[in-house]
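Undergrad: Please see the structure below; I have some questions.
Each reported figure results from applying straightforward, stated rules to the coordinates on display, with no laboratory input. Just so it is clear, the model here is predicted, and its values are computed rather than measured. Heads up, the Cβs are rebuilt from the backbone with ideal geometry, glycines too, and the neighbour counts pull from every protein chain shown.
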Amino acid sequence: MNQAAYFISDAHLGASPRGSVLEREEHLISFLKELEGKATHLFIAGDLFEFWYEYDYYSPSRFFKLCRVLANLKDSGCEIKLLKGNHDFAYGNFFERELGIDTCSHIVAELHGRRVYICHGDGLARGDIYYRVLRKILDFKLNRFLFKWLHPDIGMRIALYIGSNSRDLNKERIVPEEQYFDKIRKIMRKNGCDTFVHGHNHSGGLWKVPEGVVVNCGQWLFEENYACISKKICYFYPSLLTEPSSAS
């Protein structure tokens, strides 16, 4: 599809839980290359990385190829926004300074005739108290300061270990999309939006609500999902190989 805004979330690059897509970073890189010339926008709706932290003189080198492809896509004329997730909320100024890619926690965008609210989605559901509390603890300034003084390799290993354990503890906890709707609808009304896009719970799909359309990007961890919005229709793609669901 030409001239569309694309959305992905929850790649959790750096993690390799059992059952995850093999070589998914390479697949993601190929997908991003295919967007050159046909994507007006790319929104990465959180948890692109299993963990990300920037030091004064260090940034993770493992993802250099991905960063280079994102820079090329940006240079091709695609506007890219990188949203903070509950795993990669600690962005500094690396992406903006080096790649010209803005990072943010949420954004409202006018896209092909739609007014769209985009965020990661952690904390939206009624039962998401765990994520709200944990996020406040991890993002506390003193904790961020103390973590910064760890050697990067040690800090990364600790973060990946905690992330892995957290995923194991919560793998049986499936939050239905309907638990998100009350908060989502309030946000849509407050911001005058007819479309809401999020990720986080890995349960991709598309739902109609009185205010408009809710799109969950799905994930790029155990599946390879993406969504897109064209001039008239909002699509959700369950995978790269199947026909999309759609809503006007």
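Undergrad: Testing the spin-label approximation: label points 7 Å from Cα along Cα→Cβ at K38 and C104. State their distance in nm.
TA: The modelled label-to-label distance comes out at 2.7 nm.
Undergrad: Which FRET efficiency value, to the nearest 0.05, is calculated for E23 and S76 with the Förster distance at 25 angstrom and r the Cβ-Cβ distance?
TA: After rounding to 0.05, the efficiency reads 0.55.
Undergrad: Ok, one more. With respect to the cross-link table entries K74/K141; K38/K231; K38/K81; K33/K208; K141/K183, which display a Cα-Cα separation exceeding 22 Å?
TA: On the way: K74/K141 32 Å; K38/K231 13 Å; K38/K81 16 Å; K33/K208 31 Å; K141/K183 27 Å.
In this structure, K74/K141; K33/K208; K141/K183 exceed 22 Å between Cα atoms.
Undergrad: State whether the range 41-85 is rounded, prolate or oblate according to the following rule on the C-alpha gyration tensor (a ≥ b ≥ c being the square roots of its eigenvalues): a/c under 1.5 gives rounded; otherwise a/b larger than b/c gives prolate, and the remaining case gives oblate.
TA: Oblate is the answer for the range 41-85, as a/c is 1.5 or above yet b/c matches or exceeds a/b.
Undergrad: What net charge do the residues around F64 carry, taking every other residue with its C-beta under 14 Å from that of F64, with Lys and Arg at +1 and Asp and Glu at -1?
TA: 0
Undergrad: If you average 1/r across every pair of different Cα atoms in the range 7-102 and take the reciprocal, what Kirkwood value do you get, in Å?
TA: Radius from the Kirkwood sum: 13.7 Å.
Undergrad: Same structure, new question: Label points 7 Å out from Cα along the Cβ direction at K148 and D194: separation in nm?
TA: For K148 paired with D194, the spin-label model returns 4.5 nm.
Undergrad: Another question about this same structure. If the chain between D139 and Q179 were fully stretched, how many nm would it gain, using 0.36 nm times the residue separation less the Cα-Cα distance?
TA: Result for the pair: 11.9 nm of gain on full extension.
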